[in-house]
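A short write-up of the structure that comes next.
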Amino acid sequence: MKLSSRSLEKLKSYGNFSILENGNNIIISYVTPSLQDASSLEGEDYRIVEIHGKKDNEGNMQILYAEIKNTSNETIRKMNLEELKPWIEYLESSDT
């Protein structure tokens, strides 16, 4: 599964995403809204979705794995890469 260089550049302009690049290694972090912010219900703090990958020769990101972490940076669970498919399709198809 991959994310195009165009979509990576797009993510850099989104305030709730951060992209850390170290050589060819890339980590995309997304901070979710808390349950209270999202639905006005009492609940958990926000979570962090981390997507790990490597940049290929064309600047695209080959996604290796993804995980969800809590505010203490502890892994809650690994994500199935299929869970990212709708998000990647949206990024790759949108012009904004």
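The values are calculated or read from the model by the stated rules, or taken from the named source; none is laboratory data. What you see is a predicted model; the values in this text were computed from it and never measured. Cβ atoms come from the backbone with ideal geometry, glycine included; neighbour counts cover every protein chain shown. What goes into the accessible areas is simple: the full protein's heavy atoms, side chains included, and nothing from ligands, DNA or RNA. Shrake-Rupley method; radii C 1.70, N 1.55, O 1.52, S 1.80 Å.
Observations on the model:
- Net charge dipole, the chain: roughly 280 debye, given to the nearest 20, about the Cα centre with Cβ charges of +1 for Lys and Arg and -1 for Asp and Glu.
- Here the average projected area of the convex hull drawn through the C-alpha atoms of segment 45-96 stands at 4.7 nm².
- The chain, Rg to Rh (Cα coordinates; Rh as Kirkwood inverse mean 1/r): 0.98
- Per-residue 3J(HN,Hα) values for segment 6-17, derived from phi via the Karplus relation 6.51 cos²θ - 1.76 cosθ + 1.60 with θ = phi - 60°, read 5, 5, 4, 4, 4, 4, 4, 8, 8, x, 9, 10 Hz in sequence order (x marks Gly and Pro).
- Here is how the number arises for the chain: DSSP H runs of 4 or more residues each give -39500 (n - 2.57), the sum is divided by the residue count, and the result at 222 nm is -6000 deg cm²/dmol.
- Sorted largest first by accessible area at a 1.4 angstrom probe radius, with every protein chain in place, the residues Ile28, Ile19 fall in the order Ile19, Ile28.
- Leading residue at positive end of dipole, the chain (Cβ point charges), from Ile19, Thr75, Gly59: Gly59
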